[in-house]
Amino acid sequence: MSEAPHGWGVVPSTGIPTIAFGNQKGGTGKTTATINSAAALAVRGHDVLAIDMDPQADLTKGLGLGPGDDTDPSNPKNDLPNRLVTDDANLLDVLVDNPRTHDTNLSEIVIEASEYEHLNYDLVPSHKDMGLARDWMDDASARLALQTALDGLVEDGYDYDYIVIDCPPDLSVLTDAAFIAAQNVFLAAQTQATSRDALDDLWDQLESIEDNQQIEIAIVGLLANMYREDGQSRKFLEAFDESFAAMAPIFKLPMRVAIQRAWDNGRDIFEWEDANDQHVERDLFLEIADTMERAFDKTQVEA
Ligand SMILES: Nc1ncnc2c1ncn2[C@@H]1O[C@H](COP(=O)(O)OP(=O)(O)OP(=O)(O)O)[C@@H](O)[C@H]1O
Ligand SMILES: [Mg+2]
């Protein structure tokens, strides 16, 4: 891991360090990194909010609050409600001017960690209606919708140490809104040649957001996911290091069955125990949390 200077993260208008986990390439580990980095920050004593901006809702499902598993009656998700189909106000209502539920605030849809024993942090879940978001968020101001919502959340008295946002695998308005609200991006990539092209497109997108919005966006880290010690991985990491040198620490996560099992059972890796030992995964996400503390000059809070 390269050594980055202290405090290289950008603190947005809410005053709360906020990190968007992005990459328009699918299946790279964005959701895995969001769920488990948030959990590691919480384990280190921080109050965390996670926001599921992806219509696929994998973050919400990965915390057990999507549909149950009818192939496995013992799956703990079966005992939890499916928050993706609620008739109550949802994230789409917050992000768009919806005549049905206009003026919905983010604070109305936050699921507090105290509501469920297995939750280590608060969650703004996704919802089945979020599939409409890309069509409805069709003007320039829509890109600011999440930032405005987060400013409102703070005005409503919510105070977090960190906010993390899981982005969908695209460069749509939803991802832009997340990048603008967060001003910090944590990348999850697989170390293959095709991933480099995806990152080039992502840099272009980030630069254009910086220009258009007149804001600075920091890269806070890179998860080299499903890492294997081979030539291709090394070449990818060298190229990344060349562009980002000391700025963005790189974390290597190999293929680990527990990552998939934890998600399947609706648990973060700190809430999940199976016959294998989970210390490799937990240690890595604790290291990521430690790096985020350094990026924003915060320290671990004693429980
Ligand atoms: N290191 C790993 N070891 C084993 N399984 C993993 C690992 N990382 C991710 N997975 C699994 O791979 C799948 C894709 O990961 P994940 O959902 O985190 O990617 P994503 O980038 O969020 O995908 P999408 O682009 O669809 O949002 C998931 O089923 C996840 O559990
Ligand atoms: Mg995802």
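The values are calculated or read from the model by the stated rules, or taken from the named source; none is laboratory data. Predicted model only: the values in this text are computed from it and were never measured. We place every Cβ from the backbone using ideal geometry, glycine too, and count neighbours over all the protein chains shown. Surface areas here come from the heavy atoms of the whole protein model, side chains and all, with no ligands, DNA or RNA. Shrake-Rupley method; radii C 1.70, N 1.55, O 1.52, S 1.80 Å.
Listed by chain and number, the lysines placed with their C-alpha closer than 30 angstrom to that of Lys235 are Lys25, Lys30, Lys252; residues fewer than eight positions away on the same chain are left out. Close amide H pairs (under 5 Å, H built 1.01 Å from N) link Ile51 with Val124, Val164, Ile165, Asp166, residues at least 5 positions away or on another chain. Where only DSSP H runs of four or more residues are counted, the chain gives -11000 deg cm²/dmol as its mean residue ellipticity at 222 nm, each run worth -39500 (n - 2.57).
Our summary gives the chain a relative contact order of 31 percent, counting only alpha carbon pairs under 8 angstrom and 6 or more residues apart. Seen from Ala40, the other residues with C-beta closer than 9 Å to its C-beta sum to a net charge of -1, counting Lys and Arg as +1 and Asp and Glu as -1. Here's how it looks for Phe186: its modeled amide H is under 5 Å from those of Ala20, Phe21, Gly22, Val220, which are all 5 or more places away or on a different chain.
Each part reduced to its alpha carbon centroid, the stretch 205-261 and the stretch 22-48 end up 14 Å apart. Taking a Cβ cut-off of under 11 Å around Asp277, the surrounding Lys, Arg, Asp and Glu residues balance to a net charge of -2, with basic ones at +1 and acidic ones at -1. The mean sequence distance of close C-alpha pairs (under 8 Å, at least 6 residues apart), as a share of the length of the stretch 167-226, puts its relative contact order at 48 percent.
Between Ser243 and Thr86, the simple label model (points 7 Å from Cα in the Cβ direction) yields a spacing of 3.8 nm.
Of the GluC sites (Glu not before Pro) in the stretch 187-217, the ones in a loop by DSSP (not H, G, I, E or B) with at most 16 other beta carbons within 10 Å are Glu216. Positive end of the dipole of the chain (Cβ unit charges, origin at the Cα centre): among Leu91, Ala239, Ala189, the Cα lying farthest that way belongs to Ala239. In the stretch 122-232, the inverse of the mean reciprocal separation of distinct Cα atoms equals 15.7 Å; this is its Kirkwood hydrodynamic radius. For the stretch 1-136, just say rounded, prolate or oblate: build the C-alpha gyration tensor, square-root its eigenvalues into a ≥ b ≥ c, call rounded for a/c under 1.5, and beyond that prolate if a/b exceeds b/c, oblate if not. It is oblate, given that a/c is not under 1.5 and a/b is not larger than b/c.
Listed values for the stretch 39-52 are Karplus-derived 3J(HN,Hα) couplings in whole Hz (6.51 cos²θ - 1.76 cosθ + 1.60, θ = phi - 60°), namely 5, 5, 4, 5, 4, 7, x, 8, 8, 10, 10, 10, 10, 9, and x replaces Gly and Pro. Applying 0.36 nm per residue to the separation of Val301 and Asp200 and subtracting their alpha-carbon distance, the gain on full extension is 32.7 nm.
In order along the stretch 274-284, the Karplus-derived 3J(HN,Hα) couplings, from 6.51 cos²θ - 1.76 cosθ + 1.60 at θ = phi - 60°, round to 9, 4, 7, 8, 9, 5, 4, 5, 4, 4, 5 Hz, and Gly and Pro are given as x. The three principal axes of the Cα atoms in the stretch 18-295 give end-to-end lengths of 54, 50, 33 Å, sorted in falling order.
Largest first and in whole Å, the equivalent-ellipsoid semi-axes of the stretch 64-205 read 26, 22, 16, each the square root of five times a Cα gyration tensor eigenvalue. Counting only protein heavy atoms and a 1.4 Å probe, the stretch 129-216 has 41 square angstrom of accessible area per residue. The shape of the stretch 207-303 comes out oblate: with a ≥ b ≥ c from the C-alpha gyration tensor, a/c is at least 1.5 while a/b does not beat b/c. Tally up the carbon and sulfur contribution to the accessible surface of the chain as a whole percent, 1.4 Å probe, everything protein left in place. The value for the chain is 45 percent carbon and sulfur by accessible area.
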